[in-house]
Amino acid sequence: MDFTSIEYYQWFLPTTFLLVLIATRHSKSSRIWILLLMSYVFFWFASGWHFLLLAISTVNDWIAGKQISKSSNLKVRKGWLIGSLTINLGLLATFKYLDFLIETWNVAALKFPGSPEFTTIGLLLPVGISFYTFQTMSYTIDIYREKSEPYDTFSKFACYAAFFPQLVAGPIVRADHFREQIESPMKISPDLFRLGLTLIIFGIFKKLVIGDNVALHVNHIFSDGIPLDNIILVWWGALCFGIQIYCDFSAYTDIAIGSSYLFGIRLPENFKTPYAACSPQDFWRRWHISLSTWLRDYLYIPLGGSRGNKRTLLFALMGTMLIGGLWHGASWNFVLWGLLHGLLLIGHRYFKMTKWNIYFKDKHRSSHTIMAWGVTQYFIFMTWLVFRLEDTGMMWRSLKTFIGFDADWDFSSAWEQLPEIKNLTIVIVAMFIIGHTISGKIGGFKHWLGKQDAVVWGFINGILLSALFLFRPAETIDFIYFRF
Amino acid sequence: MVNKGIANLVNSLIVCMIVFMTASSSISYNLIDDSLFTNSRYGMIYDALDTIAVDESLSVVAIGSSQMYKAVNGECLGNNSAIPEAKFYNLGISASRSYTDMLMIPRLINSNVDVVMIEVGVNLLFEMKEPIKGYKGDEYLEMRFTIDTMLQTDSDVGEWVEVILPFHDNWVNTNEIQRTEARQLYSIDGMEIIVNDLLEIEENEAVHDRQIPEIGTNEWIDYLQKPSWPSSRFERMDAEARQTYSEEEMSKSLNYHPRANGTANHAALDYEVSSLVNAGIKVILVGLPHHPEVISMLPNGHWDGYNATMRELVDQYDVEMVDLTFSPNWEDHHFSDRNHLDADGREEFCYRMTPILDNILGD
């Protein structure tokens with residue numbers, strides 16, 4: 001079960017809503033227990049027996065948090081923290097990275113005859129493990145840092161760790177934020193309910209109508225046998241993938257936040273029109289915000305951040321981005337993707353201090369903004385190729401083509417390579433670009449829509465639902481971030 | 001405050017549902033032009049039957065597979081018939097059989113036809129098995145069931161629903177919601193065509209290129225009686241190719257092992273005959289000829305299942321039977337290949353069938 005499955009809307013969400021509605025009349029704790037129970041039901045349908053890993057992680061951090069909070073002895077506190085991190089990262093390493101490490105070892109072993117080779121284990125990646133591991137880790141670390149208090153009851157903490165809307169693909173919620181939500185008198189207000197519905201409808205529309213339709217072009221262009229030496233084709237593929245991954249991931253977040261609103265719980269925003277960013281730094285303030293702030297607070301700053309000398313800064317930036325890349329998946333592609341973003345961030349840091357840039361920015365502000373936006377987005381979309389193409393040969397070929405190296409500009413040949421449905425996809429992409437731009441100007445289309453009167457709201461949502469009914473492709477593509 | 005919020009929520013949902021229902025159905029029907037499906041022989045049946053329904057002359061309709069399609073020349077039958085007001089329509093479709101044709105029976109009954117010629121073929125009486133898990137199954141049936149039931153209305157849904165095998169159920173749309181959902185799969189193609197039209201891009205030519213004449217035109221009426229046929233395969237072969245064909249292809253007809261009863265194809269045939277007879281429409285069961293080389297190599301009793309099926313239906317429903325499968329005097333020049341007639345064969349079929357049809361129409 002996921003957010004595009006019929007079951008989610010047919011029985012899971014309505015049942016959970018009704019149960020929570022009934023429980024709200026009794027007590028706060030019964031409502032929390034129901035949310036917890038339904039979260040585990042959701043996880044069971046999404047990931048089967050892997051719910052045990054979530055339970056282990058939850059119990060581990062609950063105990064560690066309590067023990068750290070109870071003790072004033074730094075050694076004891078550190079011991080509990082290290083123990084908790086070891087279990088969390090151990091589970092993550094085993095289930096997500098072990099086979100990757102074995103494969104890397106085996107490849108390296110080829111260069112050293114006589115070195116032992118190992119067989120991969122083939123463990124299935126538990127859904128959402130990267131998300132809930134980071135979430136529960138931040139809880140324990142915050143208690144250790146004395147920035148936060150432990151939850152007063154296990155049920156609240158378990159609900160925080162397992163809350164089904166954000167369990168599988170975020171946003172990564174901080175413990176204090178969630179506590180604030182469940183400890184305040186939870187009210188299921190009609191306005192919040194309507195806003196929740198807006199986000200859910202808008203999210204499904206983004207995923208199925210925009211994301212899945214452009215994905216047909218992406219999957220076609222980046223499949224075996226398509227020559228990737230045509231710059232127009234590769235640019236189009238990168239543009240479509242950038243749109244696909246945004247519509248896919250932000251749609252998940254929208255549905256997650258919308259579902260939470262139905263229960264009166266507000267989750268933090270995860271995206272703010274990222275393709276309007278005018279610098280790599282700006283991009284990371286707009287893209288997967290809950291991950292980038294997590295990395296900032298628990299990795300970049302502890303690694304020295306911008307407080308130290310240049311070398312520390314470089315180390316912190318690069319280290320954060322490499323680990324951030326690896327967080328996405330057990331593959332060298334993601335490491336390279338992180339490396340490229342690290343280089344972009346470092347390059348930008350130095351470039352923005354140059355006299356030429358300062359002069360140009362002062363004298364020609366608008367042109368500077370447009371140019372900054374163009375250059376930033378050019379590189380952002382280039383890095384999506386690394387993210388998308390697992391095949392090394394295809395990845396290098398498309399990167400070379402993307403920058404115009406050894407590439408041809410034959411428009412008609414690119415056109416012929418596209419799938420049968422061409423013009424509709426071009427219209428969808430054009431509408432996305434216009435919509436994304438307008439959305440950035442009005443502070444988010446869905447929030448604007450949520451505030452409209454009944455007629456406007458009903459009309460636009462009715463049209464979105466109709467488009468959803470008519471223009472979703474025959475096959476739904478899995479959420480990309482489910483893999484992480 | 002809360003009441004105001006609830007009223008706003010309820011109003012919003014009502015407007016949303018009204019817009020959704022209005023927009024989705026109206027856009028769907030405007031977006032998905034039926035010509036997407038009805039521009040070929042596979043999707044023409046319901047338009048054809050609607051045309052036949054308004055024709056007040058005596059009408060004879062032939063249904064069945066490509067053997068029937070290549071056998072019936074309605075113009076020849078009309079010219080030779082002693083009944084000038086009779087018209088003869090050929091609705092045979094490649095690879096069709098009772099199991100697919102049964103879907104048109106309710107519409108056929110409502111089309112005021114007088115006689116229906118149903119093909120009973122040795123190659124059409126086999127058992128259908130559930131596909132092994134992981135395999136897609138019969139794509140032809142999927143295509144025919146999907147298109148036919150998508151173009152239907154509620155009045156086309158009849159007892160044939162009970163004949164559909166459980167593993168084919170998914171391809172059949174029996175209510176308006178299912179039909180709309182089935183059409184939805186083509187809305188992206190429909191939208192692409194609209195965008196292409198708006199942008200004046202010529203890529204739609206292939207879609208707009210009708211394989212059959214425009215409905216309502218004289219060419220359309222003629223086509224229903226005398227469809228276009230491909231040229232004879234034998235005539236395209238040189239002596240060596242013809243020899244190879246005789247040695248390698250003729251014996252393939254021996255692979256047909258018609259069952260005597262018990263298959264879904266038999267159930268469909270039974271449904272067709274009983275429904276038509278009960279509606280007062282005369283039925284002729286037609287077994288079409290096979291190349292004499294095929295007949296000569298046929299082991300004794302090999303196609304007994306076919307004979308038994310014919311006999312059973314004739315006995316049960318007292319319908320006419322014309323068995324050309326085992327009738328003599330079919331010659332090589334009548335055939336396009338081992339089991340399809342060519343122009344000479346159609347003429348021969350026409351001469352043999354006209355007196356029988358006249359006799360029935362005269363009654």
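Every number here is computed from the coordinates shown, using simple stated rules; none is lab data. Note that the structure is a prediction, hence the values are computed from the model and not measured. Positions of Cβ are generated from backbone atoms using ideal geometry, with glycine treated the same way; all protein chains shown enter the neighbour counts.
Ranking of A:TYR9, A:TYR246 by neighbouring Cβ atoms within 10 Å, starting from the fewest: A:TYR9, A:TYR246. Roughly how many Å is it from the Cα centre of region A:283-337 to that of region B:223-242, as a whole number? When both Cα centres are located, 71 Å separates them. Along region B:121-126 the Karplus relation, 6.51 cos²θ - 1.76 cosθ + 1.60 evaluated at θ = phi - 60°, assigns HN-Hα couplings of x, 5, 8, 10, 10, 9 Hz to successive residues, with x for each Gly and Pro. Counting every other Cβ atom within 10 Å of each residue's Cβ, A:TYR359, B:TYR317, A:TYR144, A:TYR261 order from fewest to most as A:TYR359, B:TYR317, A:TYR144, A:TYR261.
When only the Cβ of Lys, Arg, Asp and Glu is charged (+1, +1, -1, -1), the dipole of region A:170-214 relative to its Cα centre reaches about 100 debye. Think of it this way: in chain B, B:CYS16 stand alone, with no other Cys Cβ under 4.7 Å. For chain B, averaging the sequence separation of C-alpha pairs within contact (under 8 Å, six or more residues apart) and dividing by the residue count gives a relative contact order of 25 percent. For region A:134-247, a crude dipole built from +1 on the beta carbon of Lys and Arg and -1 on the beta carbon of Asp and Glu, taken about the Cα centre, is about 240 debye to the nearest 20.
Around A:ALA414, with a cut-off of 13 angstrom between Cβ atoms, what is the net charge of the other residues, counting Lys and Arg +1 and Asp and Glu -1? Computed value for this residue: -3.
Can you tell me which lysines have their Cα less than 18 Å from the Cα of A:LYS78? Leave out same-chain residues fewer than eight positions away. A:LYS78 reaches A:LYS66, A:LYS70, A:LYS147. Antiparallel beta bridges, as assigned by DSSP with both residues in the protein assembly as shown, represent about 5 percent of the total such bridges. Using bins of 10 Å that start at zero, the share of Cα-Cα pairs per bin across chain B amounts to 5, 21, 29, 24, 12, 5, 2, 1, 0, 0, in whole %. For the pair region A:111-174 / region B:106-135, the C-alpha centres are spaced 59 Å from each other. For chain B, the longest principal axis of the Cα atoms and the long axis of helix B:264-278 meet at an angle of about 90 degrees. Axis of helix B:304-317 versus longest Cα principal axis of chain B: the two differ by about 70°, to the nearest ten degrees. Entry note, chain A: relative contact order of 18 percent, from Cα contacts under 8 Å with a spacing of 6+ residues.
When only alpha carbons are used to place a centre, region B:268-337 and region A:405-484 end up 56 Å from one another. Name the residues of region B:242-268 whose amide N is less than 18 Å from a point 7 angstrom out from the Cα of B:ASP315 along the C-beta direction? Only B:259-263, B:266-267 fall inside the zone, counting backbone N under 18 Å. Only one residue of A:LEU92, A:GLY79, A:VAL41 has its Cα farthest out toward the positive end of the dipole of region A:24-121, where Lys and Arg carry +1 and Asp and Glu -1 on Cβ, and that residue is A:GLY79.
What do you get when you divide the Cα radius of gyration of region A:81-180 by 2.2 N^0.38 Å, with N the number of residues? Could you put the intermediate results ahead of the total?
Values: Rg = 17.7 Å, N = 100, 2.2 N^0.38 = 12.7 Å.
Ratio of Rg to 2.2 N^0.38 Å for region A:81-180: 1.40.
Peptides A:115-123, B:114-122 ranked from most to least packed, by the mean per-residue count of other Cβ atoms within 10 Å: B:114-122, A:115-123.
Counting, for every residue in A:415-423, the Cβ atoms of other protein chains within 10 Å of its Cβ and taking the mean gives 3.
Straight Cα distances below 16 angstrom link A:LYS272 to the aspartates and glutamates A:ASP248, A:ASP254, A:ASP282, with same-chain residues fewer than 8 positions distant left out. Near the amide H of B:VAL116, within less than 5 Å, lie the amide hydrogens of B:VAL61, B:LYS282, B:VAL283, B:ILE284, all on another chain or at least 5 residues away, with H placed in the peptide plane.
The phi torsions of region A:106-123, fed into the Karplus equation with coefficients 6.51, -1.76 and 1.60 and a -60° offset, translate into couplings of 4, 5, 5, 5, 4, 7, 10, x, x, 5, x, 10, 10, 8, 5, 8, x, 5 Hz, rounded to whole numbers, with Gly and Pro shown as x. The C-alpha atoms of chain B define a longest principal axis, and helix B:239-248 lies at about 80 degrees to it. With contacts taken as Cα pairs under 8 Å and at least 6 residues apart, region B:60-103 reaches a relative contact order of 54 percent. Over the C-alpha atoms of region A:250-373, the Rg to Rh ratio, Rh being the Kirkwood estimate, stands at 1.04. Straight distance only, please: which lysines reach the Cα of B:LYS4 with their own Cα at less than 24 Å, same-chain residues fewer than 8 apart left out? Filter leaves A:LYS187, A:LYS446, A:LYS451. Counting, for every residue in B:179-190, the Cβ atoms of other protein chains within 10 Å of its Cβ and taking the mean gives 3. Ordering B:TYR69, B:ALA182, B:ASN218 by the projection of their Cα atoms onto the charge dipole of the protein assembly as shown, which places +1 on the Cβ of Lys and Arg and -1 on the Cβ of Asp and Glu, puts B:ALA182 at the extreme positive end.
Mind checking the alpha-carbon convex hull of chain A and giving the volume per residue in Å³? Working shown, then result.
Details: hull volume 88.0 nm³, N = 484.
Cα convex hull per residue, to the nearest whole number: 182 Å³.
Shape class for region A:292-334, computed from the alpha carbon gyration tensor (a ≥ b ≥ c): oblate, with a/c not under 1.5 and a/b at or below b/c.
For region B:150-280, what does the alpha-carbon gyration tensor say about shape, rounded, prolate or oblate, given a ≥ b ≥ c as the root eigenvalues, a/c under 1.5 as rounded, and a/b over b/c as prolate?
Values: a/c = 1.87, a/b = 1.11, b/c = 1.69.
Cα axes put region B:150-280 in the oblate bin.
For chain B, adding -39500 (n - 2.57) for each run of n ≥ 4 DSSP H residues and dividing by the number of residues yields -14000 deg cm²/dmol at 222 nm.
Taking region A:125-222, how much of its Cα-Cα pair set, in percent, is spaced more than 19 angstrom apart? Before the final figure, lay out each step's value.
Values: 2788 of 4753 pairs.
Everything past 19 Å amounts to 59 percent.
Extents of the protein assembly as shown, largest first, come to 109, 67, 62 Å (Cα atoms, principal axes, whole angstrom). From the Cα gyration tensor of region B:221-363, with a ≥ b ≥ c the square roots of its eigenvalues, which class applies: rounded if a/c is under 1.5, or else prolate if a/b is larger than b/c, or else oblate? It is oblate, given that a/c is not under 1.5 and a/b is not larger than b/c.
On average, how many beta carbons from a partner chain sit within 10 Å of the beta carbon of a residue in B:17-28? Intermediate results must be reported in sequence, preceding the final value.
On the way: counts 4, 3, 10, 12, 3, 2, 9, 8, 2, 1, 6, 3.
Neighbouring Cβ atoms belonging to other protein chains average 5 per residue here.
Converting phi to 3J(HN,Hα) with the Karplus coefficients 6.51, -1.76 and 1.60 and the offset θ = phi - 60°, region A:470-478 yields 8, 10, 7, x, 4, 10, 7, 9, 4 Hz in sequence order, with x at every glycine or proline.
Given +1 at the Cβ of Lys and Arg, -1 at the Cβ of Asp and Glu and no other charges, the dipole of the protein assembly as shown around its Cα centre is 8380 debye to the nearest 20. In terms of surrounding Cβ atoms within a 10 Å radius of their Cβ, B:ASP169, A:ASP408, A:ASP254 rank from fewest to most as B:ASP169, A:ASP408, A:ASP254.
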